[in-house]
Amino acid sequence: MPCPWYRDGACNSPRLPKPSTAIVTKRCTSESKDYEICKWYVPPETVEEKKEGLLKFSPTSEETKVDETFEQKYKPYKLIHALLTEPGKGCPYLKTFRGSDGKWYALCRVLNRLLTFTEVKLCEHHWKTCPLYKNAPKLVSEA
């Protein structure tokens, strides 16, 4: 099996600034693994894939591990979702968050979405008769 960096008659080692035909020897094309002693050889598994084009700007797996804030995840529209005071704790499926703007936001865990301020009022006062509350054990997993 020839060297993994040998392609089209040139050495494409990541240690080289550009592919070169000047350093190609019999070692590059031999069936044994003689190419491993070459100073230009790098084991393929140790080399990160080079991103090309728009992929250069996509986040790496480490960058995507950062936890999202609720504002990034739910994207609240402040005119209808922002509350001046924290909603009363009635429904056990109502979760509240304090936004970066200092206002409160309410999340229905059954619907998995932010509630408008009108829906929050209904949720505070009539949660025991809410059809979502009645069916919530079937709809919400406690993860």
Rounded to one decimal in nm, the spacing of the 7 Å Cα→Cβ label points at residue 119 and residue 30 is 7.0 nm
What is the projected area of the convex hull of the Cα atoms of the stretch 72-143, averaged over all directions, in nm²? 4.8 nm²
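A short reminder: the numbers here are calculations on the coordinates, not readings from a lab. None of the values given here were measured: they were computed from a predicted structure. Using ideal geometry, Cβ is built from the backbone for each residue, glycine included, and neighbour counts are taken over all protein chains shown.
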